[in-house]
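Data block below; observations after.
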Amino acid sequence: MQIKATDKSLLDWTGDTLALGFCEGATELTGDLAQLDEKLAGTLQELIAEEEFEGKTATSAVTRIGGKNNFRKLILIGLGKTEDLKVATYRTTAAAIARLATKDTSLGISLPLEGEPSAIAQAITEGIHLALHQDNRFKSDPEEKAPKLETVDLLGLAGQDAAISKGETIVSGVILARELVNAPANELTSITMAETAQQIATEYGLEIEILEQADCEKFEQGMGAYLGVAKASDIPPKFIHLTYKPQGTAKRKLAIVGKSLTFDSGGLNLKVGGSGIETMKMDMGGGAATLGAAKAIAKLKPDVEVHFICAATENMISGKAMHPGDILKAANGKTIEVNNTDAEGRLTLADALVFAESLEVDAIVDLATLTGACIVALGKNIAGLWSTDEPLASELKTAAETAGEKFWQMPLEDKYFEGLKSQIADMKNTGPRAGGSITAALFLKQFIKDTPWVHLDIAGPVWSDKPNGINNSGGTGFPVKTLVEWVLG
């Protein structure tokens, strides 16, 4: 599919379907819209009246156009109140239009433009591509219900080709993350995840190192937390480290660390029926977004050095599995009493964070499908954010606003660490039920010394049970867009 910016008037555009956007209370036809209505013998005004279309958010009206006209179908789409228009509005509006035009081959879009044209063009591009993306790789006929749309013209946005290209680049990273999350655990393993990282490195010129188990054992005081989780699996762990370096001097050096459990059985604290064990292929959503961001950033080539880290493994059951009550030692020497083998993600992240800080970066962001408690607190559409550094937290929140992804900053309440104290080790890996997402963040904080750090708990938004906004059901690719926008600054 090709998206093009054009200065062609909606009166002159020809194709299958024309989509017109209206803000709430602004459906009076003037200028080109009045002339278009005249050309259509009053069809536009009639559609507005019959459907009682008022331009409210998420409303639409569709009709076929008869006679010898420039197009065959007309879509009206509501954007809500003019004063509430944001970049994210254009992204979701474009997604809604795309869903209404999947059976057409050409589409023209004319929306009221409020704001920076480049940001609007990028958002529209993202919305269209993400709404139409279908992951049919595992179906016998993957093309059976594929969208037919071939060309999309953005009317009134001539000169925004670079913004469209940027949007398509970011989308390529989001789609990679979606497809990694969607892949079943018999297809996506630590080995194939490392192979994907190698492909990204080869294609886009990134540096890569894959630490094998022996390498992890030798790193500082040994990655005992990560390897403790990994030892029950028949598939060897792969500690993935990708590095993007700009051609010139880097203005900043960053690390992105993604939780990468390719399947989580819960270990000996086995997830039982009704626990969602069948969806635990998505427990590497943080790692998927990390690799998706790596792909997009490598293509966009910012003047920032970025390290992408994924401690990939499974959490399985075998005679070698870690037991509840075991004590593990992380790479920084801190000891952990395992009181729940199903709190394994934070164990893998502990060593990954120590590794990230050893690179002497300016800031670290980790992202993880870490706790059900975060979903209880914030629901399925909002991720939690914790930070030791307010300026860094503000950067992430600004990037998220641009990306149209939702986060809510949560407290690092140090007093709650009391619930993680162990009588025989430095800490336990879980605390009391209350405040579970906060104590998880406090656990991770123990593996950061001085580097500004943000922790993102993405357990809710990384997966969608049904089509919603720009997402289809399954992996959403959250929060690739936010990570990219943060790196680009």
Rounded, prolate or oblate, given the Cα gyration tensor of the stretch 169-488, with a/c below 1.5 counting as rounded?
rounded
Does the stretch 373-461 come out rounded, prolate or oblate, given a ≥ b ≥ c as the square roots of the eigenvalues of its C-alpha gyration tensor, rounded meaning a/c under 1.5 and, failing that, prolate meaning a/b above b/c?
oblate
List the lysines whose alpha-carbon lies under 23 Å from that of Lys271, not counting same-chain residues fewer than 8 positions away?
Lys231, Lys259, Lys281, Lys320, Lys380, Lys428
From the Cα centre of the stretch 22-37 to that of the stretch 207-285, the distance in Å is 54
Taking Cα atoms, how many degrees apart are the long axis of helix 390-403 and the longest axis of the chain, rounded to 10 and kept between 0 and 90?
40
At what distance in nm do the modelled label points of Lys145 and Lys251 sit from each other, each positioned 7 Å from its Cα along Cα→Cβ?
4.5
Mind running the shape call on the stretch 132-219? Use the C-alpha gyration tensor, a ≥ b ≥ c as the square roots of the eigenvalues: rounded below 1.5 for a/c, prolate if a/b tops b/c, oblate otherwise.
oblate
Want the number for Lys56 to Asn468: 0.36 nm per residue separation, take away the alpha-carbon distance, what's left?
146.5 nm
Could you tell me which of Thr89, Ile235, Gly31 has its Cα farthest along the dipole of the chain towards the positive end, charges placed at Cβ (Lys, Arg +1; Asp, Glu -1), taken about the Cα centre?
Ile235
Whole Å is fine, so just give me how far the alpha carbon centre of the stretch 453-479 lies from that of the stretch 102-134.
20
Using alpha-carbon coordinates, inclination of helix 285-300 to the longest axis of the chain, degrees:
60
Once you have the Cα-Cα distance between Ile191 and Glu217, take 0.36 nm times their residue separation minus that, and quote the gain in nm to one decimal.
7.5 nm
I'd like the distance separating the alpha-carbon centroids of the stretch 50-68 and the stretch 341-405, in whole Å.
42
Mind checking the angle between helix 117-132 and the chain's longest principal axis? C-alpha axes, 0 to 90 degrees, to the nearest 10.
80
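Read the figures in this text as sums done on the coordinates, not as results from a lab. Everything quoted here is computed from the prediction, not taken from an experiment. No Cβ is skipped: glycine too gets one built from the backbone with ideal geometry, and neighbour counts run over all protein chains shown.
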